[in-house]
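See below for the structure under consideration.
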Amino acid sequence: MRPFLLLLVFLLARPAFCQPTTTDTRNLLPVPTTVRWGTGMLGWKVVLRPRLQGPADTITAAAVARTLKRLNRQAPATARDAATLPLQISYGKVGRPELFDEERYSLRVTPTGVTIDAPTTLGVLHALATLEQLPQPDGRHSALPEVDIQDQPRFAWRGLLIDVARHFMPVSVIKRNLDAMAATKLNVLHWHLSDDQGFRVESRALPRLHEVSGQYYTQAQVREVLRYAAARGIRVLPEFDVPGHTIAWQAAYPQLASGDTLYKTVYQSWRLANVAFDPTKETTYQLLDTLFGEMTALFPDPYFHIGGDENDGRQWRGNPRIMAFAKAKKMLKPDGKTLDKHALQTYFNRRVLSILTKYNKQMVGWDEILGPGLPKDAVIQSWRGKKGLYDAAKAGNRAILSNGYYLDLYLSAANAYGTDPLPVDNPLNVAQQRLIRGGEATMWSEFADSVIVDSRIWPRAAAVAERLWSARDVNNTPDMYRRLAAVSRQLEGLGLQHRSAPEQLLRQLAGPTDVVALRTLVQVLEPVKEYKRHFQGFTYTPSTPLNRLVDAAPAESDVARNFNCRVDSLMEATVALAGRGSVFTMVPGRRNALAMRQQLQAWQANHSRLIPLLAASPTLTEYAPLSAALSAAAALGLERLALLEKQQKPDAEWQATALKQLDALNKPAGQTELAVLPVIRRLVELR
Ligand code: ACM
């Protein structure tokens with residue numbers, strides 16, 4: 001009996017990696033500063049009647065109405081004998097997100113009603129978002145649990161960048177993403193409005209900019225989005241990326257160009273172009289002044305993002321007139337010949353900064369703009385690493401973090417969640433730490449069109465939202481995943497299409513065939529990570545339709561992660577026994593083993609079910625090797641599991657061969673990889 005006893009003791013004493021064990025967070029995401037749960041419930045036979053106390057504010061009144069409508073949707077239609085209780089909302093003043101007004105709030109649910117208290121209406125909006133995450137099952141219905149919450153954000157700048165230049169995103173897409181942002185307490189929409197592939201805002205002063213780009217927002221639509229965001233306490237930070245990433249501008253106004261290439265259309269490629277404006281011509285600044293004069297009036301936020309990334313200076317070096325200018329201005333390296341690109345770009349930045357200052361805006365730029373000569377009031381957005389973030393703060397500039405939060409790279413929510421702008425061991429002193437204002441998740445859209453973009457943003461962006469709102473020590477990853485699933489359901493209710501759009505694409509791919517086998521495969525696929533999708537034998541352009549299996553594949557496979565958790569619990573038990581000098585073979589928990597066996601059997605059998613569809617559909621054929629690999633890997637997993645259940649150690653030779661086979665199966669196809677392969681490998685590897 002001894003080994004069983006040890007195993008039991010171990011499992012009780014140290015819960016498996018995937019078991020959330022924290023304070024009681026229920027479905028709240030981000031986790032509030034303090035939460036004290038009571039024992040009572042406000043049942044479904046309660047109707048909340050709002051009473052607002054504070055300066056009249058239509059935004060707050062509308063937000064309260066939206067929240068009550070959503071809460072009521074969870075109640076049965078015929079709660080006739082419902083009691084009416086107050087939803088008492090008190091606030092000091094109307095909050096303005098662009099002024100970084102206070103966001104803290106308190107929210108109390110007691111048997112006599114619901115009370116919200118906040119210094120500003122921004123806090124009220126957050127309290128309402130929290131209130132919407134409170135309902136929990138109570139018998140057949142849902143109810144509000146008794147609770148006392150005090151909450152405030154750790155960082156004031158919590159953003160989501162949406163790139164509408166690479167793929168245009170209609171207003172409806174932006175609006176529903178603003179709803180999701182509000183639900184997770186993100187407060188900055190960073191709108192990446194121009195790039196090589198398009199300039200997406202109507203300019204009345206320089207109309208060729210939007211005309212050459214085809215799809216764009218009219219100024220009326222921009223104002224509509226601004227109103228929608230403001231109604232949710234969200235700032236809108238416009239980005240017009242200069243001097244690089246500007247082929248669309250050059251197609252409209254060729255006089256901006258540094259190089260010889262004349263672009264007649266916006267860029268039809270995803271390759272890094274390395275074009276740049278001519279920084280030596282006064283006409284360049286005159287045009288920027290005209291445009292920024294118009295755009296700074298359109299966008300009320302006090303900040304204005306000028307990009308500044310990824311200009312390697314090759315066009316400047318290749319232009320004799322620009323080189324002569326640089327020489328005259330002493331912008332050459334010590335060798336007296338080579339261009340000091342940074343010096344010239346800093347000159348450009350300073351000229352742009354003086355335009356923005358004239359229009360009363362503070363400049364934000366990517367970390368490339370940091371360097372000697374950059375004025376202190378510029379804000380740095382760090383994308384290449386944490387170094388830019390900390391260097392900015394050490395130089396006295398405010399900074400926000402995006403490195404680690406790149407949603408387009410298909411990294412896990414855990415990866416983003418583990419990225420803290422200010423970890424305990426950060427290299428900054430207290431004054432410098434105060435300059436770190438927060439961060440932004442980024443959704444670059446080379447591989448996301450308006451149909452699937454929600455699925456590339458959510459629910460992973462919610463992990464970033466929590467990292468930026470909640471305390472540093474709120475970092476239990478399994479608990480985050482548990483709540484992420486709840487938020488994902490909540491967002492579906494708000495109209496987000498992160499689940500429905502990939503499912504619809506699957507149905508389209510399956511045609512008249514049953515979609516189940518295809519779904520089983522796609523659920524364990526992930527797109528190849530980071531920038532690999534550009535380099536896997538398939539050249540994407542802006543006009544490539546995003547309607548292949550890779551586009552339906554989740555950025556992070558829940559099925560693979562859950563299976564990984566099951567393997568984890570086996571491994572932890574093994575380690576525990578080994579750690580006690582024991583040589584007993586570990587026995588998997590019976591329920592766990594059964595679930596694993598069923599899963600592996602389903603994967604093993606899936607390929608033969610899928611073959612007819614894979615063979616019949618030209619767009620699916622390229623995924624056949626992955627389907628076959630899933631089946632073969634599952635067979636090996638089943639062999640190992642059978643031994644575990646019989647308490648037999650695997651034969652060393654069998655194991656070596658199996659691992660070699662698994663490694664041979666590990667080949668991407670159709671820009672996807674089998675997310676479950678490394679997981680099955682871990683199972684096979686168990687001694
Ligand atoms: C960037 O990703 N080039 C800012």
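Here are some notes:
- Filtered residues of segment 310-338 (kept if under 25 Å from Asp196 (Cβ atoms) and among the β-branched types (Val, Ile, Thr)): Ile322
- Residue selection: Val352 fails the criterion of being over 20 Å from the mean Cα position of the chain (by Cα), part of a strand (DSSP E or B) and surrounded by 18 or more Cβ atoms within 10 Å (Cβ to Cβ).
- Restricting the first member to segment 442-466 and to residues that are away from the ligand (no atom under 16 Å from the Cβ), and the second to residues that are basic (Lys, Arg), the beta-carbon pairs closer than 7 Å and six or more apart or on different chains are Ala465/Arg158; Ala465/Lys185.
- In segment 32-69, residue surrounded by the fewest Cβ atoms within 10 Å (Cβ to Cβ) [restricted to those that are touching a strand residue (DSSP E or B) at 6+ places or on another chain (Cβ under 9 Å) and assigned to a loop (DSSP other than H, G, I, E, B)]: Pro55
- For first residues located in segment 532-554 and over 17 Å from His167 (Cβ atoms), partners that are of a type outside the set (Asp, Glu) and in a helix (DSSP H, G or I) and lie 6+ apart or on another chain with Cβ distances below 7 Å form the pairs Leu549/Leu509; Leu549/Val522; Leu549/Leu620; Ala553/Val522.
- Qualifying residue in segment 315-332 (condition: closer than 29 Å to Val201 by Cβ and either within 16 Å of the ligand (Cβ to nearest atom) or among the acidic types (Asp, Glu) (or both)): no
- Enumeration of residues in segment 376-412 that are among the charged types (D, E, K, R), more than 15 Å from the ligand (Cβ to nearest atom) and buried (at least 22 other Cβ atoms within 10 Å of the Cβ): none
- Each residue in segment 608-630 was checked for being within 19 Å of Ala595 (Cβ to Cβ) and either small (Gly, Ala, Ser) or not in a helix (DSSP H, G or I) (or both), and 0 pass.
- Every listed requirement among (1) over 26 Å from Gln433 (Cα atoms); (2) under 16 Å from the mean Cα position of the chain (by Cα); (3) crowded, with 18+ Cβ neighbours inside 10 Å; (4) not hydroxyl-bearing (Ser, Thr, Tyr) is met by Leu506 save one, (2).
- Entry remark, segment 664-687: residues being in a helix (DSSP H, G or I) and either touching a Phe, Trp or Tyr at 6+ places or on another chain (Cβ under 9 Å) or within 21 Å of Pro527 (Cβ to Cβ) (or both) number 7 in total.
Each row is one residue, and each column tells you yes or no for (1) surrounded by 22 or more Cβ atoms within 10 Å (Cβ to Cβ); (2) within 26 Å of Met169 (Cα to Cα).
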{"site": "Glu294", "(1), (2)": "no, yes"}
{"site": "Pro300", "(1), (2)": "no, yes"}
{"site": "Gly308", "(1), (2)": "yes, yes"}
{"site": "Trp316", "(1), (2)": "yes, no"}
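- Residue within segment 143-154 that is part of a loop (DSSP other than H, G, I, E, B), of a type in the set (Val, Ile, Thr) and modelled with pLDDT of 95 or more present: no
- Failed criterion for Val266 (all others in (1) part of a helix (DSSP H, G or I); (2) touching a Gly at 6+ places or on another chain (Cβ under 8 Å) hold): (1)
- Residue list for segment 233-263, filter: within 16 Å of the ligand (Cβ to nearest atom) and either part of a loop (DSSP other than H, G, I, E, B) or more than 25 Å from Pro300 (Cβ to Cβ) (or both): Asp241, Val242, Pro243, Gly244, His245, Thr246, Ile247
Here is a yes/no grid of residues against (1) without any contact (Cβ under 8 Å) to a residue 24 or more places away in the chain; (2) more than 14 Å from the ligand (Cβ to nearest atom):
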| site | (1), (2) |
| --- | --- |
| Glu282 | yes, yes |
| Asp289 | no, yes |
| Gly293 | no, yes |
| Asp301 | no, yes |
| Gly307 | no, no |
| Asp312 | no, no |
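- Single residue of His210, His245 found to be on the phi > 0 side of the Ramachandran plot and not acidic (Asp, Glu): His245
- Scanning segment 353-375 for residues that are of a type outside the set (A, V, I, L, M, F, W, C) and at pLDDT 95 or above yields Ser354, Thr357, Lys358, Tyr359, Asn360, Lys361, Gln362, Gly365, Asp367, Glu368.
- Candidate set: segment 362-374, residues that are closer than 18 Å to Met331 by Cα and not acidic (Asp, Glu); chosen: the one nearest to the ligand (Cβ to nearest atom): Ile369
- Test: residue in segment 523-534 that is among the charged types (D, E, K, R), over 30 Å from Asp196 (Cα atoms) and not in a helix (DSSP H, G or I): no
The values are calculated or read from the model by the stated rules, or taken from the named source; none is laboratory data. Please read all numbers here as calculations on a predicted model, not as lab measurements. Positions of Cβ are backbone-derived with ideal geometry, glycine not excepted, and every protein chain shown enters the neighbour counts.
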